[in-house]
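Asks: This structure is in structure tokens; I'll ask about it shortly.
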Amino acid sequence: MKQLLLAAALSLAALAASAQTAVLRVSAIPDEAPTELQRKFKPLGDYLQQETGLPVQFTPVTDYAAVVEGLATNKIDLAWLGGFTFVQAKLRTNGGVVPIVQRAEDEKFTSRFIVPADSPVKSLADLKGKTFAFGSASSTSGHLMPRYFLMQAGIDPDKDFKAVAFSGAHDATVAFVAAGRAEAGVLNASVWDKLNEAHNPNATKVKVLASTPPYYDYNWTVRPGLDAALTRKIADAFLKLDPSKPEHKEIMALQRASKFIPTQTSNYAGIESAARAAGLIK
């Protein structure tokens, strides 16, 4: 009888595991407008469905913490994370999440400090006493690393700025500064370039004051315990993407990637150190 019960329990466990991967559940940190995230993901989602043989379900979230919780509670299988969000997910899951790939561009990522086009500000030091906009509090390129580099330059955002706002997303930061809701702000270089290429009206009203030194940033991460064979399939699918192939060109253009490369947890040790130095994690 005990053997039958054990066999039944094992069968149920196997069914549960199978059910968990009947659909590939994907999400992303909300670092841009939800409509833009959906637009960027659609061709990639179709490609991942083709490569893994699983239906792909993209679930947008309202904040960065929701992505971390989704991975930790097995409600999300795969997520596009910033470096700081990955560190938070790593800590939340006791090292259970696994970063699998990143864009080549994410090895040397940067952020741009912006001011209104007619601002008399000439340097970061001139920002003291000004109102300032970060992106999301959990953003690597819109908050953590710019805060860290400001502190390295002798500027404490909590003491030296007149007021600090959090816009919630990179494109929103540009809108804040363009509208005069902040006298300066910071966003990631990739979104800044994209807005300029699209002749975004807000981007035309601001200018770049300075750039940060480079750091590791975004990656695609899988939840703890995701089937190893499926994880390999997902990683291989990303690594096969080639913008010179017509069928991959749109995917790579929307992801703003020249290619995807393998990544690992140790790449984000510097971000964890910066977050501790800035007092954003204990």
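The values are calculated or read from the model by the stated rules, or taken from the named source; none is laboratory data. The shown structure was predicted, so the numbers you read here are calculated from the model rather than taken from an experiment. Neighbour counts are summed over all protein chains in view; Cβ atoms, including those assigned to glycine, are modelled from backbone coordinates with ideal geometry.
Asks: Would you confirm whether or not segment 97-107 contains a residue that is over 30 Å from Lys159 (Cβ atoms), within 12 Å of the chain's Cα centre (by Cα) and of a type in the set (D, E, K, R)?
Replies: Looking for residues that are over 30 Å from Lys159 (Cβ atoms), within 12 Å of the chain's Cα centre (by Cα) and of a type in the set (D, E, K, R), one finds at least one in segment 97-107, hence yes.
Asks: Could you check segment 38-86 and list, in sequence order, the residues that are over 13 Å from the mean Cα position of the chain (by Cα), over 17 Å from Met252 (Cα atoms) and either buried (at least 23 other Cβ atoms within 10 Å of the Cβ) or among the charged types (D, E, K, R) (or both)?
Replies: Result: Glu69, Leu71, Lys75, Ile76, Asp77.
Asks: Among the numbered criteria (1) outside any loop (DSSP other than H, G, I, E, B); (2) surrounded by fewer than 22 Cβ atoms within 10 Å (Cβ to Cβ); (3) at pLDDT 95 or above; (4) not charged (D, E, K, R), which single criterion is violated by Gly270?
Replies: (3)
Asks: Right, something else. Say we look at segment 219-248 and pick out the residues that are among the small types (Gly, Ala, Ser) and farther than 26 Å from Ala269 by Cβ; which of these is surrounded by the fewest Cβ atoms within 10 Å (Cβ to Cβ)?
Replies: That would be Ser244.
Asks: What tally of residues in segment 19-68 results from selecting those that are farther than 25 Å from Lys240 by Cα and not hydroxyl-bearing (Ser, Thr, Tyr)?
Replies: 14
Asks: Then there's this: Do we find that Trp192 is closer than 14 Å to Gly142 by Cα, crowded, with 16+ Cβ neighbours inside 10 Å, at pLDDT 95 or above and of a type in the set (A, V, I, L, M, F, W, C) in this structure?
Replies: Yes, satisfied.
Asks: Give the number of residues within segment 195-218 that are surrounded by 23 or more Cβ atoms within 10 Å (Cβ to Cβ) and among the small types (Gly, Ala, Ser).
Replies: 1
Asks: Tally the residues that are surrounded by fewer than 19 Cβ atoms within 10 Å (Cβ to Cβ) and of a type in the set (Ser, Thr, Tyr), restricting the search to segment 94-116.
Replies: 0
Asks: Tell me which of these Leu187 doesn't satisfy, since it passes every other one: (1) within 27 Å of Asp46 (Cβ to Cβ); (2) buried (at least 18 other Cβ atoms within 10 Å of the Cβ).
Replies: Just one mismatch for Leu187, condition (1).
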